[in-house]
């Protein structure tokens, strides 16, 4: 980190909100012997559009957070774990190409360079940066705040408005910690930000619709994980949260926009089993910033959805006792949704639940067409889908080549593995594979698609050891499949990402071999 004679913003955040904001301080953990305030007592606070701009400290390299969840007491160690700086699929979007600036802006969950060495040193750093397509360089990442947790569920997302202001939504995980909304002080600039709102939300998914404003899909913890949405004309003055879906114990969702439309696909968590029994696939969309909702066929839907059987149901997986893990949602050239998800027999890692299959659900204009060909060795082998033209698809994900081949992952059966690029010219019926990484030390995972993706920054992700704390590096790929690694050490203000080995396209996929 560069030394300076002034109090830098992240240092002020470490000292507490009172050190830099005109609001009462919020304690992440209650003092010993006291009862914590209820979330409704502490959040949501009122947005503060007049918050003073604060200069971000610049870090000397790119380091992603390492995180683990739910020990399994077996060789796989955790339900999921690894380098999770771009976690999770339900945080959307994490990158955004701005043609006016010719830059791809992105956020990620970082950690100190030595954060993998001990639990005490591991803390989540909310980082913002960009890739300059004119120069091919990246700056030192801006440190927006220290979240004072090692939980990757608190990772950020971002959205740009039509003037180029960057809004960063920093998640909470449940109600134990606050969430934040930041706005850049200048368009297309990551030097200074205003903290315009301290509140509470989880799994943030903000969308800006030209001429209308923001639709903010998110989760609120109220007897489960219930889906909600809010709207705002300017990203500062927000409506009250409106419930979207609350079936039994809740949902996970993925969403996307197409023109003025926003769609969301989600599973549900049964009363028995909860999130580890997540199942079924649903889809609804709104053409008018949440005023009305409808199915892909245009049939009106009354929200919130509260029953398992409803018109939004795409496919019933509960009756077959199959689990549904959502990866991505995008639209084709006609504005029809395409959903990517993994179907599994159980929540536990390891071969006992193999093989997991990667499915796509595509709305044809008349019906949902569902196909599954690619395989995965972990429920959290998360990737992203690009739809190119009328029938060409490009999936970037850490999937495997075939069921009779051992997993190619550095840490098999843990999240991620070697990153692959799969291309299809027939709407996902057949695929051709291309290795993006090979012979890696760590698993690569959580490939994320930028909004308005540029061909030179088509997806980005992190790596990390699947079973024990490790360093975690950030990568991005071009549309062609050339992979770059972001610098972990920077002696200057800007640096050129490192080009990794290139692997040409290989044979068509056959999961039975």
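Read the figures in this text as sums done on the coordinates, not as results from a lab. Source: prediction; values computed, not measured. Cβ sites come from the backbone with ideal geometry, for glycine too, and all protein chains shown count toward neighbours.
Can you sort 124, 375 so the residue with the fewest Cβ neighbours within 10 Å comes first? List each step's numbers first, then the result.
Numbers: 124 26, 375 22.
Listing 124, 375 from fewest to most nearby Cβ atoms yields 375, 124.
Could you compute the FRET efficiency for residue 478 and residue 100, with r as their C-beta to C-beta distance and R0 at 22 Å, rounded to 0.05?
0.55
Would you mind pulling out the separation of the Cα centroids of the range 213-237 and the range 263-293, in Å?
With the range 213-237 and the range 263-293 each reduced to a Cα centre, they are spaced 14 Å.
Tell me which label goes with the value of mean projected area of the Cα convex hull in nm² computed from the coordinates here: (1) 27.4; (2) 22.6; (3) 23.9.
(2)
Mind giving me the FRET efficiency for residue 189 and residue 496? R0 is 22 Å, r the Cβ-Cβ distance, nearest 0.05 is fine. Show your work: numbers first, answer last.
Details: r = 21 Å, r/R0 = 0.98.
E(calc), rounded to 0.05, equals 0.55.
Taking 0.36 nm per residue of sequence separation and subtracting the Cα-Cα distance, how much length would be gained by fully extending the chain between residue 135 and residue 50, in nm to one decimal?
On the way: separation 85, 0.36 × 85 = 30.60 nm, distance 3.44 nm.
Gain on stretching residue 135 to residue 50: 27.2 nm.
Subtract the Cα-Cα distance of residue 292 and residue 345 from 0.36 nm times their separation in residues, and report this length gain in nm to one decimal.
Extending this stretch completely gives an extra 15.5 nm.
Only Cα pairs under 8 Å and at least 6 apart count here; give the relative contact order of the chain as a rounded whole percent.
On the way: 1474 pairs, mean separation 70.6, N = 513.
Answer for the chain is 14 percent.
Give the span of the range 204-337's Cα atoms along each principal axis, as three whole-Å numbers ordered largest to smallest.
For the range 204-337, the Cα spread along each principal axis is 44, 34, 25 Å.
For 255, 472, 391, what's the fewest-to-most ordering of other Cβ within 10 Å of each Cβ?
Going from least to most buried by this count: 391, 255, 472.
When averaged across all projection directions, what area in nm² does the alpha-carbon convex hull of the range 305-368 cover?
Directional mean of the projected Cα hull area for the range 305-368 stands at 5.5 nm².
Convex hull over the Cα atoms of the range 256-310, averaged projected area in nm²? Kindly include the intermediate steps, with their values, before the conclusion.
Details: hull surface 16.8 nm².
That works out to 4.2 nm².
Could you check the simple spin-label distance between residue 271 and residue 222, using points 7 Å along Cα→Cβ, in nm with one decimal?
1.9
Got a sec? How would 56, 384 order by Cβ neighbour count within 10 Å, fewest to most? Each step should come with its number before you reach the end.
On the way: 56 24, 384 27.
Starting with the residue having the fewest Cβ neighbours, the order is 56, 384.
Place a label point 7 angstrom from the Cα of residue 441 along the Cα-to-Cβ direction, then list the residues of the range 115-142 whose backbone nitrogen is under 15 Å away.
Residues passing the 15 Å test: 115-117.
Going 7 Å from the Cα of residue 334 toward and past its Cβ, which residues in the range 360-389 have a backbone nitrogen under 19 Å from where you end up?
360-371, 386-389
Between residue 117 and residue 302, what length comes free when the chain is fully extended (0.36 nm per residue of separation minus the Cα-Cα distance, one decimal in nm)?
Stretched out fully, the residue 117 to residue 302 stretch lengthens by 61.6 nm.
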